[in-house]
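The values are calculated or read from the model by the stated rules, or taken from the named source; none is laboratory data. All of these numbers come straight from a predicted model, not from anything done at the bench. Neighbour counts run over all protein chains shown; Cβ positions are idealised from the backbone, glycine included.
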Amino acid sequence: MKTIRLLALPTLAYFLLACSGHPGAGNWLSTGEYHPGYLKEFSKLEVTYEGRTNIFGQSNALQDSADSTNEAIRRCFWHGMDAQTILMTCIQAANIEIEENYQLRVNPDNDIAELIKDEVVVGRFVREKN
């Protein structure tokens, strides 16, 4: 029994150290690039290490003081697909019966992420600097 306890601590430490965060986790801001296929309604993504994502919309300059501009317009759960891509299942804040699926693919060379829906890039985001 002592042997199992002695082996359990290093094994647990190994698994905790091996579980690093996905490169998609973090805050992402729209690059502001114009492209006809991009969803212009998305301005920011907050991808947490806990597997949740909040997608924020473009704030209206006249409503900046209103609390509603700080609300996410999509709420998502995500999981890693590979080392650079996460899959997100989202619901709209305005209509929780509508479910949407997105991918966020991170380019580690330039810290740019592409938001993909139905195999089409619908937006580009840059990691927010802290």
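What tally of residues in the stretch 94-125 results from selecting those that are more than 18 Å from GLU41 (Cα to Cα) and not acidic (Asp, Glu)?
6
Anything in the stretch 1-42 that is among the polar types (S, T, N, Q) and at pLDDT 80 or above? List them, or say none.
Once the filter is applied, which keeps residues that are among the polar types (S, T, N, Q) and at pLDDT 80 or above, the stretch 1-42 yields ASN27, SER30, THR31.
Among residues belonging to the stretch 103-127 that are out of contact with any Asp or Glu (no Cβ under 9 Å at 6 or more places or on another chain) and touching a residue at least 24 places away in the same chain (Cβ under 8 Å), point out the one that is surrounded by the most Cβ atoms within 10 Å (Cβ to Cβ).
ALA113
Considering each residue of the stretch 70-92, count those that are surrounded by 15 or more Cβ atoms within 10 Å (Cβ to Cβ), over 13 Å from LEU39 (Cβ atoms) and over 13 Å from the mean Cα position of the chain (by Cα), and give that number.
1
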